[in-house]
Amino acid sequence: MLRLIAGLETATAGRIEIDGRDVTRFEPVDRRLAMVFQSYALYPHMTVRGNMAFALETAGSPRAEIDRRVREAARVLKLEGLLDRRPAQLSGGQRQRVAIGRAIVREPVAFLFDEPLSNLDAALRIETRQEIARLHQQLGATTIYVTHDQVEAMTLADKIVVLKDGRVMQAGAPMELYLEPANEFVAGFLGSPSMNFLDVEVRDVRDGRATVANAGLAPVEVRTRGAQPTPGSRARLGVRPQNLTVLEDVTLPPGAGLLRGTVELSERLGSETVVDVVLPDRSRIVATLSRDAVFLPGQDVTLTFIPEQAHLFVR
Amino acid sequence: MSEVGFETLRAPQLEGFGNFADVLRDEAFWDSLGFSLRFGTLTAVLEVALGLFLAVFLAPILQRHAWLLAILTLPMMVAPAMMGLMYRLVLHEFVGPVPHYLLAWFGTSPAFLAPGNVFWTVVVIEVLQWTPFTLLLFHLAYGSISGEIREAARMDGAKGWWMFRRVEFPMMLPTFGVALAIRFIDGVRVFDNIYVLTGAGAGGSTMSLPIYIYTSFFRGGNIGAALAASVLFALASFLILALAWRFAQRRPA
């Protein structure tokens, strides 16, 4: 997808427009986009300065102009002291910044990022993610950022487009997608640990609400969105781990969902406790509970959730 | 060193550095050294240039049909002496097919093995046999440039000659140096294909240094001089190689 936009691959159908200009048949460079590659793809035989200046030299910009733009980019990216080094002499994070610098000097109409953080270790990834967010605010240029990491998507995006097998699953603001996922794929993609899905039977449907139940789930009335399920059919009920609480912890609100199961594994992370629960139909769910929740494997447990926070997906 | 021939092999007589002096005074030695250096340099440059050109030019085809490489590198499998023998037949003034057809089609055929032409003949023969080797090296080097770097360069607007000169060639530079050095070494010490084809050539026109050593050893029976020439050859080689590798190492990675 990104490669199509960049012009590295040719579209077999449809049109690509940038600012209302049809660029479907344009060469990559004529689209005035800049791309940051997953492997950074820095030129190993050039210095940092050479890497950043290459596009401008290719375009035949005057030397003074090249020098000015490279120095400006180096200042923004804090690379001033490294301009005469080669990529091999840089750390992963520094290489990443050079790759971004190479994009910045071209002053493109939009930036394309192809999973730029996947080559960094966990600590550096968070740091660089915040760096990219800061840069984005500073530059204010449109950016298309491809990632498999839901945290990156949630934190960096103004608008997320979730794709699966080349099809748009849902598009919208991050919180919109988190709170109102249009389908199981989007619901499972955003949030960590990911959403639990229960196979349920639809008992009753009326004015936008459906009553569902299964072996471990007491009948509960939940909202339906979009396509209405038919009574008697099977559907999937999604509940986020964070939205589950232990029955003893709260006074039960009327109409709350009730889930009965057996604890299989309990992990105390300090700030919270993550419990794996096996339901009577052998399906597994995960609940993120308070840090004081203590369970032993094999112990029976009843979990509750507020129906408004559950998502019903029609098959 | 000592005064020794096959006749006096069992009773050598000490000579001091006389043999070295003789060799250094022998014009044929300098001619053969000159021939070897000229031959080594010229064939190395031609093979590297041709191999690089073919590797880049044929890259799209070779990437799809790897078996073509097998055909292209086949000449390397032929023993150089056989190569010399083959060309001796192919270029033979009276029975060789090449002079025959040139004569039939164009009415004239150069005397390939005449003193004026023979240097170029052996150069072409060597280049034809060993260009596949540099082609193979450059094919691998060219293929190992990561696709993302090429794409990055395309995004930066580079294409064609500019892409090659600024991105691809600099990345193949180490291979370029190694190919040049290996082919130069192989060219300087050339012996068998030339020896089989022309011997020392008319008037020593294809006398490479190894051939000089060989002829003074076996034909001249002058063992002392042959050994002195060998030692000088070894020293010269050491100097050239030491300089070459030093140069190769100084280049930053």
To the nearest 20 debye, region A:245-315 has a Cα-centred charge dipole, built from +1 on Lys and Arg Cβ and -1 on Asp and Glu Cβ, of 240 debye
Cβ-Cβ cut-off under 12 Å around A:Gly232, Lys and Arg +1, Asp and Glu -1: the net charge is 0
Ranked by GNM mean-square fluctuation in chain A (Cα springs under 10 Å), the top entry among A:Arg31, A:Arg49, A:Arg282 is A:Arg282
Answer in debye to the nearest 20: the dipole magnitude of region A:2-158 about its Cα centre, from +1 Lys/Arg and -1 Asp/Glu charges placed on Cβ, is 460 debye
For chain B, longest principal axis from Cα atoms; helix B:115-143 axis from its Cα atoms; angle between them, nearest 10 degrees, is 40 degrees
Checked against the positive end of the charge dipole of the protein assembly as shown (+1 on Cβ of Lys and Arg, -1 on Cβ of Asp and Glu, about the Cα centre), the farthest of A:Ile306, A:Ile104, B:Val95 is A:Ile104
Longest principal axis of chain A (C-alpha) makes with the long axis of helix A:122-139 (C-alpha) an angle, in degrees to the nearest 10, of 60 degrees
Once normalised by the length of chain A, the mean sequence separation of its alpha carbon contacts under 8 Å that are 6 or more apart gives a contact order in percent of 12 percent
The alpha-carbon center of region A:127-149 and that of region A:256-315 are separated, in whole Å, by 35 Å
Under a Gaussian network model of chain A whose springs join Cα atoms within less than 10 Å, the largest fluctuation of A:Gln137, A:Gln150, A:Gln38 belongs to A:Gln137
Going residue by residue through region A:224-232, the Karplus relation 6.51 cos²θ - 1.76 cosθ + 1.60 with θ = phi - 60° gives ³J(HN,Hα) values, rounded to whole Hz and with x marking Gly or Pro, of 10, 10, x, 4, 7, x, 9, x, x
If B:Ser109, B:Ser36, A:Ser290, B:Ser208 are placed from fewest to most neighbouring beta carbons inside 10 Å, the sequence is A:Ser290, B:Ser109, B:Ser36, B:Ser208
With +1 at each Lys and Arg Cβ and -1 at each Asp and Glu Cβ, the charge dipole magnitude of region B:133-246 around its Cα centre, to the nearest 20 debye, comes out at 160 debye
Yeah, chain A with a ≥ b ≥ c from its alpha-carbon gyration tensor (a/c under 1.5 is rounded, else prolate when a/b outruns b/c, oblate otherwise) is prolate
Unit-weight point scatterers at every alpha-carbon of region B:90-222, Debye formula, q = 0.09, 0.19, 0.21 1/Å: log10 I(q)/I(0) is -0.47, -1.04, -1.16
For peptide A:63-71, the mean count of other chain Cβ atoms within 10 Å per residue Cβ is 0
Here the Cα Rg-to-2.2 N^0.38 Å ratio for region A:2-158 is 1.03
Note: B:156-163 gets an average of partner chain Cβ contacts (10 Å, Cβ to Cβ) equal to 5
Yeah, chain B with a ≥ b ≥ c from its alpha-carbon gyration tensor (a/c under 1.5 is rounded, else prolate when a/b outruns b/c, oblate otherwise) is oblate
Sparse-neighbourhood loop hits (trypsin sites (Lys or Arg not before Pro), region A:165-230; DSSP loop; Cβ within 10 Å at most 15 others) -> A:Arg225
Farthest towards the positive end of the dipole of chain A, among A:Gly188, A:Leu4, A:Thr147 and with Cβ unit charges of +1 on Lys and Arg and -1 on Asp and Glu, lies the Cα of A:Leu4
In terms of the charge dipole of chain A, which places +1 on Lys and Arg and -1 on Asp and Glu at the beta carbon, the residue among A:Met35, A:Thr128, A:Gln170 farthest towards the positive end is A:Met35
Counting only DSSP beta bridges fully inside the protein assembly as shown, the antiparallel percentage to nearest 5 is 85 percent
To the nearest 10 degrees, the tilt of helix A:92-104 (Cα long axis) against the first principal axis of the alpha carbons of chain A is 70 degrees
Eigenvalues of the alpha-carbon gyration tensor of region A:196-314, times 5 and square-rooted, give semi-axes in Å, largest first, of 26, 14, 12
Amide H proximity to A:Met35 below 5 Å, modelled H, separation 5+ or other chain, gives A:Leu112
With Rg from the Cα atoms and Rh as the Kirkwood inverse mean 1/r over Cα pairs, the protein assembly as shown has an Rg/Rh of 1.22
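All of the numbers you see were taken from the coordinates with simple rules; none came from a lab. These numbers were taken from a predicted model, which means no experiment stands behind them. Here the Cβ is made from the backbone with ideal geometry for all residues, glycine too, and neighbour counts use every protein chain on show.
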